[in-house]
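Since the structure comes first, as structure tokens, the remarks are kept for the end.
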Amino acid sequence: MRIRREILILLPLIFVIIGAALRNYDAGWSKIFRYTAILYMVLYVIFKRKYPVNLLFSVIIFLPFLFYGIYHSFNIKAGIEDGIRYLLPFIALFYGYSIKEYFNALIGFVIILVVINFSVQIINYIYWLNDIPQWYYFKTRDGIIFFQETAGIIRASGLVTFFAFYAFMNLISFILIYYYYNGKYRKLFLALSFFNFISALSYKTIGVAIVILILFYFKKIFQFIKYTIPLFLILIIVYHNKLNLFVQDIYLRIHLYITGGQSMRAESYRVMFREILSGNWFGRGIGTFGGPGSIKYDSPYYDEVHFNWWGMEWANLPTTDTFPPHVFVELGIIGGLVYFLSLLVPLISRHVPKPMLMIYIILFVDMLFTFSLNNIEYVMFSFLFIYPIYYYHQYLNQSSQSKQN
């Protein structure tokens with residue numbers, strides 16, 4: 001009976017992973033699985049009727065801004081479609097709260113997924129080395145097939161088909177296994193999740209991982225570097241050509257996205273700061289800028305601000321790939337602040353477990369360069385774990401205190 005119940009609470013995660021796997025193979029079924037996962041979580045939360053009061057209160061405060069943004073949209077359909085996406089992080093948080101007593105089942109699922117993704121990626125490498133097209137390759141508007149690579153190496157994507165999400169989920173998997181799994185094969189699962197994470201070659205995720213290590217484990221990192229300097233020197237000597245390509249690639253991306261400002265992402269931040277400095281307090285309306293609705297329904301706002309796509313029209317992108325500009329343009333300064341503060345509510349506690357902070361840092365840094373905070377895959381593999389982690393630590397503290405008494 002317990003096993004059957006655990007499978008039922010894991011269904012949304014399973015559906016989301018299947019939807020991710022079908023993203024490029026069958027977009028229709030991919031959407032069906034993802035929408036089913038969302039509907040399942042909403043119904044589960046409603047019937048469970050247990051909610052974190054402070055989060056519920058913050059959502060109630062945010063809703064008027066959401067409804068106003070939808071009403072104020074240039075197109076009501078765009079407003080509704082993108083408006084629903086604003087609620088996805090809250091749905092994941094509420095669902096995580098509803099299943100908080102199943103934390104062990106969640107960790108077990110994470111481990112199974114790490115092993116499956118590793119196995120699938122090995123097969124992906126074999127096909128790539130033999131120049132065999134794979135089901136997850138992307139297509140341009142003109143039907144040209146391509147895959148993500150850097151420095152001549154394919155970026156790992158495992159079962160979920162997209163390297164950035166693959167890196168994101170495996171970094172969080174590594175953290176969860178490191179802190180909450182003490183089984184026989186712990187080191188093996190840590191090694192697999194680390195390999196999955198690194199092989200995706202996602203620079204922003206590697207960057208945030210380094211930031212987390214510096215913030216929380218500075219002394220250990222210093223010792224690790226001290227004892228592994230000879231290994232690094234050998235790698236530099238043996239693979240200096242390949243490492244040089246990686247360095248050049250990193251420099252190019254920093255120049256494009258940050259210092260040079262000649263990218264779609266940098267352009268979206270230009271628009272955001274323009275709106276903030278002009279006193280956009282209540283927003284231009286949901287579905288206006290940045291999100292899928294604005295592109296699907298051809299928002300006139302892009303022409304109004306002379307938005308420069310910097311040649312990325314060919315990629316058939318569904319968003320501008322940056323989240324804060326989307327929020328502050330559409331909801332305005334006040335609405336945007338209310339939205340982000342509402343998402344931070346679970347951190348209001350005397351004792352916030354370290355892994356909770358790490359997950360927030362990973363997700364919030366990622367959303368600076370992606371649309372992760374309104375993406376069901378990202379919020380499911382981050383926010384869904386927040387309350388289970390918190391209450392797991394609360395249980396440990398209570399058990400410790402009862403033993404002392």
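The values are calculated or read from the model by the stated rules, or taken from the named source; none is laboratory data. No experiment lies behind these values; they were computed from the predicted model shown. Backbone-built Cβ (ideal geometry, glycine too); neighbour counts: all protein chains shown. Note: accessible area is taken over every heavy atom of the protein model, side chains too, but ligands, DNA and RNA are not part of it. Shrake-Rupley method; radii C 1.70, N 1.55, O 1.52, S 1.80 Å.
For the range 195-211 versus the range 111-164, the inter-centroid distance based on Cα atoms is 16 Å. Ordering F67, F369 by accessible surface, largest first, gives F67, F369; the 1.4 Å probe counts only protein heavy atoms, with every chain in place.
Positive contributions from Lys and Arg (+1) and negative ones from Asp and Glu (-1), summed over other residues with Cβ under 12 Å from the Cβ of G293, come out at -1. Using a 1.4 Å probe over the heavy atoms of the protein chains, calculate the carbon and sulfur portion of the accessible area of the range 271-405 as a whole percent. C and S fraction of accessible area: 60 percent. Check which residues have an amide H placed less than 5 Å from T150's amide H, if you skip close sequence neighbours. Answer set, sorted by chain and number: R155.
For K31, the accessible surface of its heavy atoms amounts to roughly 100 Å² (probe 1.4 Å, protein chains only, rounded to the nearest 10). Could you tell me how far the Cα centroid of the range 1-76 sits from the Cα centroid of the range 341-374, in Å? Rounded to whole Å, the Cα centres lie 18 Å apart.
The accessible area of M41, taken with all protein chains in place and a 1.4 Å probe, comes to roughly 0 Å².
Rounded to the nearest percent, how much of the accessible area of the range 1-160 (1.4 Å probe, protein heavy atoms only) is carbon and sulfur? Don't jump to the answer; show the numbers that get you there.
Working: 5790 of 8460 Å².
Carbon plus sulfur share of accessible area: 68 percent.
Sorting I206, I17 on solvent-accessible area from highest to lowest, probe radius 1.4 Å, gives I206, I17. Rounded to the nearest 0.05, the FRET efficiency derived from the C-beta distance between F282 and N54 at R0 = 25 Å is 0.50.
Its Cα gyration tensor gives the range 286-390 an equivalent ellipsoid, and the semi-axes of that ellipsoid, as √(5λ) in whole Å with the largest first, are 30, 15, 10. Label separation (S119 vs A191): 1.8 nm, computed from points 7 Å beyond Cα along the C-beta direction.
Surface exposure of the range 318-404, expressed per residue as accessible area with a 1.4 Å probe, stands at 36 Å².
The Cα atoms of the range 64-114 cover 45, 22, 10 Å along the three principal axes, with the biggest extent listed first.
Net charge near Y179: determine it from the other residues with C-beta under 14 Å of the C-beta of Y179, scoring Lys and Arg +1 and Asp and Glu -1. Around Y179, the charge tally is +2.
Tell me, what are the semi-axes, in whole angstrom and largest first, of the equivalent ellipsoid of the range 264-306 as set by the roots of 5 times the Cα gyration tensor eigenvalues? If you can, show how the numbers build up before the last one.
Numbers: eigenvalues 57, 32, 15 Å².
Equivalent-ellipsoid dimensions as semi-axes: 17, 13, 9 Å.
Based on the alpha carbons, how large is the Rg to Rh ratio for the range 44-156 when Rh follows Kirkwood?
1.14
Going through the cross-link list K139/K204; K77/K296; K100/K184; K100/K187, which pairs have a Cα-Cα distance over 18 Å in this structure?
Numbers: K139/K204 24 Å; K77/K296 10 Å; K100/K184 25 Å; K100/K187 26 Å.
Too far apart for the 18 Å limit: K139/K204; K100/K184; K100/K187.
Counting only other residues whose beta carbon sits under 11 Å from that of V160, what net charge do I get with K and R as +1, D and E as -1?
Working: positive: R23; negative: E377.
Combined, the nearby Lys, Arg, Asp and Glu give 0.
Given a 1.4 angstrom probe, what's the average accessible area per residue across the range 110-196, in square angstrom? Mind dumping the intermediate values first?
Numbers: 4190 Å² over 87 residues.
Result: 48 Å² of accessible area for each residue.
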